[in-house]
Amino acid sequence: MNTEFPRNFLFGAATAATQVEGGDKNNTWYAWAQKEGRIKGGGSPLRGTDHWNRWREDFDLMANMGLTTYRLGLEWSRIEPRPGVFDEGAVARYREMLEYLNARNIKPLVTLFHFSLPRWLKGGFEQPESISVFERFVRYAVDRLGDLVEDWITINEPNVYVVKGYYFGEFPPGKKSFPLAMLVYKHLALAHIRAYNAIHELCPGTRVGVAHHLRVFSPYSPFNPADAAAAKLMKYLFQDAIIECMATGNLVSPIGHNAPYGKGCYQDFFGVNYYTRSAVKAKGFADTVFEDAPVNDLGWEIYPKGLYKLCKEVYKKYRTPIYITENGICDAADSRRSRFIVDHLYQVAKLLDDGVDVRRYYHWTLTDNFEWLEGETARFGLAEVDFETQKRTLRPSGWLYSLISKTHKLP
Ligand code: FCB
């Protein structure tokens with residue numbers, strides 16, 4: 001098999017504003033972290049990696065690594081600190097960042113909503129008005145930054161946001177209601193479509209997509225039909241239904257009532273965030289891990305073949321170019337990350353060989369960061385961060401990834 005990547009294939013890294021920037025108190029995650037016991041180790045996104053001030057150092061690191069694309073997020077609450085009031089200074093900083101990236105031939109891919117909302121948006125996406133409020137923010141951001149950006153992600157992982165925030169109650173706003181979860185799904189789908197149309201109206205020719213969190217769902221006992229049925233249902237509720245709503249505007253059940261909303265195509269690329277596989281047990285509708293499976297520091301199974309399987313599946317269904325918008329491993333010792341990268345990129349090479357149009361790979365993530373509920377304890381970075389001094393040190397796997405990006409082939 002050919003393990004050389006085409007010259008125009010882009011290798012990059014992905015981050016999210018709330019996880020790295022630091023310094024913003026107007027977002028829902030800062031508020032959420034104030035209650036003791038919620039964040040492992042007790043941190044908050046207020047520190048992050050101080051990227052808001054150290055971004056040049058981080059971008060120079062990427063340039064030296066030979067990365068040619070970077071996925072970054074905008075912090076909505078920073079740009080719009082009060083409803084309808086925009087902070088020109090914050091936008092100017094983002095402009096500076098984007099100009100710096102472009103000058104170094106690192107193509108920006110910008111995320112508009114990645115888990116964290118302005119605190120003033122009461123009720124978040126539970127309210128139908130949130131759709132227009134989001135559109136107003138998107139129009140503002142795209143109007144000010146659109147000349148520097150060719151690719152936008154409207155929403156990151158709608159499924160993780162909804163399931164953790166509205167079903168398990170672990171992420172803000174901490175609710176546990178299936179009907180509410182479905183309502184938020186619906187509003188997110190409509191918000192995506194409105195944003196998709198607005199971006200195209202303001203910047204024709206721009207590419208717009210969603211970063212979907214995809215997992216493989218396998219029956220815990222392969223010969224147990226109940227486990228197999230549970231795995232299928234879980235997959236539909238977690239990812240297939242929301243993907244269909246966002247991609248086509250067809251609000252399938254149980255999110256909508258199959259009422260087509262301007263049925264069309266609302267994605268120019270398909271963003272895949274891939275980490276792991278779930279072993280599903282019908283009993284308790286439980287999402288578990290296979291015994292003896294290789295796992296990362298958080299206990300998630302390391303399953304490279306899943307990346308191939310899922311990309312193949314969504315490509316067959318939607319025929320949209322694929323960007324792998326996240327893929328990475330929590331591995332503080334850096335003892336498995338190099339292998340992880342090679343094994344997953346091997347699957348990407350196989351996809352290319354099989355004619356699947358994968359164009360980019362973004363490793364999650366550039367540096368260690370504020371990893372939501374895991375705080376500063378979960379280490380996903382190609383570079384290690386000492387949060388006290390904010391010193392960055394490229395890990396051996398980071399050197400390896402740099403080599404792959406520079407040579408465009410697997411060692
Ligand atoms: C994804 C999130 C990202 C990060 C990784 C580890 O679900 O999009 O922000 O937390 O997981």
Checklist entry - Is it possible to state the helix-based mean residue ellipticity at 222 nm for the chain, with each DSSP H run of 4+ residues giving -39500 (n - 2.57), the sum divided by total residues, to the nearest 500 deg cm²/dmol? What is it? => result -11500 deg cm²/dmol
Next on the checklist: I'd like the distance between the alpha-carbon centres of the stretch 81-155 and the stretch 178-234, rounded to an integer number of Å.
Outcome noted: 21 Å
Item to check | Cα-centre dipole for the chain with unit charges at Cβ (Lys and Arg positive, Asp and Glu negative), debye to 20 | outcome: 660 debye
Checklist entry - So what's the stretch 208-272 giving for Cα Rg divided by 2.2 N^0.38 Å, two decimals? => result 1.30
Checklist outcome for this item: Along the dipole axis of the chain (charges at Cβ: +1 for Lys and Arg, -1 for Asp and Glu; origin at the Cα centre), the most positive-end residue among Tyr30, Thr393, His257 is His257
Item to check | Charge dipole of the chain about the Cα centre (unit charges at C-beta), most positive-ward option of Tyr161, Ala286, Val138 | outcome: Ala286
Checklist entry - Counting other Cβ atoms within 10 Å of each Cβ, which GluC sites (Glu not before Pro) in the stretch 12-86 have at most 14 and sit in a DSSP loop? => result Glu36
Next on the checklist: If the elastic network links every pair of Cα atoms under 10 Å, which of Thr367, Thr393, Thr68 fluctuates the most in the Gaussian network model of the chain?
Outcome noted: Thr393
Item to check | the stretch 343-411 - charge dipole about Cα centre, Lys and Arg +1 at Cβ, Asp and Glu -1, debye rounded to 20 | outcome: 400 debye
Item to check | Environment charge at Glu57 (Cβ cut-off 11 Å; Lys +1, Arg +1, Asp -1, Glu -1) | outcome: +1
Checklist outcome for this item: From the cross-link list Lys235/Lys409; Lys164/Lys281; Lys283/Lys317; Lys281/Lys309, the entries with a Cα-Cα span beyond 25 Å are Lys235/Lys409; Lys283/Lys317
Item to check | For the stretch 327-379: rounded, prolate or oblate by the Cα gyration tensor [a/c cutoff 1.5] | outcome: prolate
Checklist entry - Separation between the Phe178 and Asn224 pseudo-spin-labels, each 7 Å from Cα along Cα→Cβ, expressed in nm? => result 2.0 nm
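What does the charge add up to near Ala195, with Lys and Arg as +1, Asp and Glu as -1, over the other residues with Cβ less than 12 Å from its Cβ?
It works out to a net charge of +1.
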Item to check | Sites Arg95 and Ser253, calculated FRET efficiency, Cβ-Cβ separation with R0 51 Å, nearest 0.05 | outcome: 0.75
Item to check | Candidates Gly249, Gly375, Gly205, ranked by Gaussian network fluctuation over the chain, Cα under 10 Å, top entry | outcome: Gly205
Next on the checklist: What three numbers, in Å, describe the spread of the alpha carbons of the chain along their principal axes, ordered from the longest?
Outcome noted: 58, 51, 46
Checklist outcome for this item: What the Cα atoms of the stretch 1-150 span along the principal axes, largest first and in whole Å, is 50, 39, 35
Checklist outcome for this item: Over the stretch 263-411, the quotient of the Cα radius of gyration and 2.2 N^0.38 Å is 1.13
Checklist outcome for this item: Kirkwood calc, the stretch 96-204, C-alpha pairs only, radius in angstrom 14.8 Å
Item to check | Relative contact order computed over the chain (Cα-Cα under 8 Å; 6+ residues apart), in percent | outcome: 19 percent
Checklist entry - Top mean-square fluctuation among Gly256, Gly306, Gly355, Gaussian network model of the chain, C-alpha springs under 10 Å? => result Gly355
Checklist entry - At Ser335 and Arg82, where each label point lies 7 Å from the Cα along Cα→Cβ, what is the point-to-point distance in nanometres? => result 5.4 nm
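Add +1 for every Lys or Arg and -1 for every Asp or Glu among the other residues with Cβ under 12 Å from the Cβ of Gly174, and state the total.
Result for the neighbourhood of Gly174: +4.
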Checklist outcome for this item: In the chain, whole DSSP H helices that both stretch 27 Å or further along their axis by alpha carbon positions and average at least 0.5 on the Kyte-Doolittle scale are 178-202
Checklist entry - From the cross-link list Lys176/Lys263; Lys316/Lys350; Lys122/Lys176; Lys122/Lys175, which pairs have alpha carbons spaced over 25 Å apart? => result Lys176/Lys263
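Since every read-out is calculated from the coordinates, none of them should be taken as a lab result. These figures come from a predicted structure and were not determined experimentally. In this analysis, Cβ positions are derived from the backbone assuming ideal geometry, glycine residues included, and neighbour counts consider all displayed protein chains.
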